[in-house]
1. Going toward the positive end of the dipole of the stretch 4-92, with +1 on Lys and Arg Cβ and -1 on Asp and Glu Cβ, which of 39, 64, 28 do you reach last?
2. Roughly speaking, what is the stretch gain from residue 35 to residue 63, that is 0.36 nm per residue apart minus the C-alpha to C-alpha distance, in nm to one decimal?
3. Between residue 12 and residue 78, what length in nm is gained on full extension when 0.36 nm per residue of separation is reduced by their alpha carbon distance?
Amino acid sequence: MELETTALERTDAPAERPVETLDVRALGPPEPLRRTLELLADLPNEAVLVQRNDRAPQFLYPKLDDRGYVYETVETDDAVITAIWAGGGGETGDAVGNPAEGDR
């Protein structure tokens, strides 16, 4: 089992920012999407949200792009970890195996 902090270190998420974790592995659709977006709306811009899921949150990615968030997804032995943080300069996210929207 890979530690969450190790998974986070595999992303480009800013290391100096505070981290908030949301575990949605036991939730059925659309709850992971809804809870993630609600928590992001309440978090300060300098925070990084780490979502633990049992699959890549494919329907979340376009919503994050629309809201200007940067994200990166990595797989571990027991979860799919998506780090999400406020972007600063037109950056787009990158999911494992998927190019950023601007690269398609």
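Where a number appears in this text, it was derived from the coordinates with a stated rule and is not lab data. A quick note: this is a predicted structure, and the numbers were derived from the prediction, not measured. Cβ atoms come from the backbone with ideal geometry, glycine included; neighbour counts cover every protein chain shown.
1. Farthest along the dipole direction, towards plus: 28.
2. Contour length minus the Cα-Cα distance gives 8.8 nm.
3. Residue separation times 0.36 nm, minus the Cα-Cα distance, leaves 21.7 nm.
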